[in-house]
Structure formats: structure tokens, C-alpha cells
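These notes concern the structure reproduced below.
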Amino acid sequence: MAVSRIEKRFAKLKTERRAGLVTFTTAGDPDYQTALDLLKGLPAAGADIIELGMPFSDPMADGPAIQAASLRALNAGMTTIKTLNMVREFRKQDQDTPLILMGYYNPIYIYGVDAFLKDALEAGVDGLIIVDLPPEEDPELAIPALNKGMGFIHLATPTSDGARLDDILRHASGFLYYVSIAGITGTREPDLGPVGQAVARIRQKTNLPVAIGFGIKTPEMAKSFAKIGDAVVVGSAIVALIEDNLDQEGLANSVLKARVLNFVSDLASAIKQTLKD
């Protein structure tokens with residue numbers, strides 16, 4: 001089962017007594033080859049789990065940085081089929097790092113759920129985060145995914161009360177993604193205290209690992225949230241760094257890859273300084 005790669009990674013993190021680093025980049029941003037080179041470089045830079053964004057024309061849960069990345073990728077000709085090809089290329093050199101596709105339901109619906117799950121599993125995808133499918137829509141994708149051995153990661157937010165958490169957790173697998181702010185990605189900074197309280201409540205209801213994301217932008221912030229989560233997700237800050245290293249034609253400059261991977265290394269080093277009891 002694909003989900004076992006996720007389970008193995010969290011078991012490894014537990015033995016190392018530390019939280020994991022989950023990185024997010026958008027497939028095809030700013031172009032296919034640059035995005036693939038970054039993807040291949042992430043594990044050595046310190047990414048424990050990789051989220052790969054599936055570009056979509058209307059990414060409503062994402063802030064300006066990831067919206068712009070989606071647009072760049074689509075303008076460069078990125079498609080769902082090419083995203084799966086990118087995963088296949090990645091798997092030629094890495095059979096251990098869990099890779100999650102994050103995105104929206106529309107491209108999967110158009111592709112066809114059964115065909116998409118079959119092709120994604122064959123490509124080497126371990127799980128899905130589909131931000132516009134709430135638990136009420138689990139029969140659409142979450143349940144078919146779980147039946148085929150594909151992890152399905154649900155999101156909980158600061159407004160998720162006890163009853164809602166029960167709904168969210170019913171068909172969740174792999175890990176639970178805790179959205180640390182109310183709102184879209186990369187726009188505000190989360191507050192450590194309330195996030196810690198929310199994660200404690202979640203732990204009373206599930207043994208699934210909890211990854212904390214949205215608004216974590218620096219190694220210092222990652223280190224702080226590593227104390228309370230099983231993993232820390234950094235996305236918008238990485239995507240913004242990609243944008244900062246494009247030339248006037250929107251092409252990658254000569255130092256883009258090194259700067260992004262060095263930043264990931266800084267994040268990973270900070271997280272590794274926080275050992276758990």
C-alpha cells in the first residue's frame with residue numbers, strides 16, 4: 001500500500017525523536033525541468049515528506065504566492081498527466097520519500113477518479129490532499145482512494161469543533177493536516193499557543209500524526225512548531241523564493257535551485273534542533 005511509505009517515514013521520525021519537514025512546491029513552476037530538478041533535490045536538502053501541488057486555474061484556498069505559481073505552471077504547459085510523469089521521474093531515484101499530491105478536485109474529476117487513482121499509484125504517489133472536498137464528499141474520492149491503498153489526508157482548522165473533527169477523521173489516513181490559521185495560505189502568521197491547544201485536542205481523538213501548516217515561513221517558526229507537531233509544512237515561503245529568483249522573462253535564474261534547496265536545508269536544520277521527549 002502506498003500509505004505505508006508515509007507510515008514508515010513517521011515511524012522513522014519517531015525513532016529520531018523529531019518532527020518532520022514537509023515541503024510544498026508546485027509541479028511545473030516555473031517550468032517542467034526546473035520544477036523536476038527541485039523535486040529531485042528536496043530529500044537530500046532535508047525534506048522528509050514532499051507535497052507537490054497540482055496546478056489549477058482557481059486555487060481558492062491558496063494565497064497570492066501559490067496562486068501565482070499555479071498560473072506560471074499552467075502558462076508553461078503543465079497538466080495533470082505531466083504532473084504524474086514528474087512523480088515517475090522522481091521515483092526513478094527515490095523510492096523512500098513519501099510524496100503527496102495537493103490540489104483541487106476538478107482536474108481529478110475530469111481525468112476520471114478510477115483512472116487517476118490507478119495512474120497516480122503506478123506513478124508512485126502516496127497520498128492526496130484535496131482542499132475543496134470536505135468530509136461530506138468522502139464518497140467522491142477519499143473512500144475510493146483508501147480502498148485502493150492511497151492515503152487521503154484531511155484538513156482540520158481552528159474552527160473544527162469536536163463533532164467536526166469526528167467527521168474529518170472518519171476517513172482520514174496518512175496524517176492529519178492542521179491548518180494553523182483561519183484563511184488562505186501564506187498570508188498571516190500562526191499563533192503558537194492556540195495551535196498547541198488545538199493539536200492537543202486532536203491527539204485525544206486520533207493516533208494519526210499531525211502536520212502543522214499555513215503561514216510558517218522561517219526556520220525559527222518551523223523550529224517552534226516542531227515542538228508541538230509531528231511535522232511542519234512550509235509552502236508559500238518556498239514558492240515565494242522561486243518567484244524571487246525568476247528573471248524578467250519569468251525564467252529561472254542561475255541560482256534559483258541552490259537558493260531554494262539551501263532554504264530547505266535551513267528549515268530542516270532548525271527542526272532537527274528540537275528533540276522530543
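In the set V195, V233, only one residue is at pLDDT below 95 and closer than 30 Å to R170 by Cα; that residue is V195.
Output the strands (runs of 3 or more DSSP E) that fall wholly within segment 158-277 and possess 1 or more residues being touching a residue at least 24 places away in the same chain (Cβ under 8 Å), surrounded by 18 or more Cβ atoms within 10 Å (Cβ to Cβ) and among the hydroxyl-bearing types (S, T, Y), or say none. Strands (runs of 3 or more DSSP E) meeting the threshold: 176-179. Can you find, within segment 229-273, the residue that is nearest to the chain's Cα centre (by Cα) among those that are within 19 Å of P43 (Cα to Cα) and among the polar types (S, T, N, Q)? Checked segment 229-273; the qualifying residue nearest to the chain's Cα centre (by Cα) is S236. For segment 123-157, give me each residue that is under 18 Å from G53 (Cα atoms) and of a type in the set (D, E, K, R). Listed by number, the residues that qualify are D126, D132. Against the conditions (1) out of contact with any Asp or Glu (no Cβ under 7 Å at 6 or more places or on another chain); (2) small (G, A, S); (3) assigned to a helix (DSSP H, G or I), S57 satisfies every one except (3). If you filter segment 1-44 down to residues that are among the basic types (K, R) and not in a helix (DSSP H, G or I), you find that the one that is nearest to E89 (Cα to Cα) is R18.
The values are calculated or read from the model by the stated rules, or taken from the named source; none is laboratory data. The structure presented is a predicted model; accordingly, all values stated were derived computationally and were not measured. Note that each Cβ is placed from the backbone with ideal geometry, even for glycine, and that neighbours are counted across all protein chains shown.
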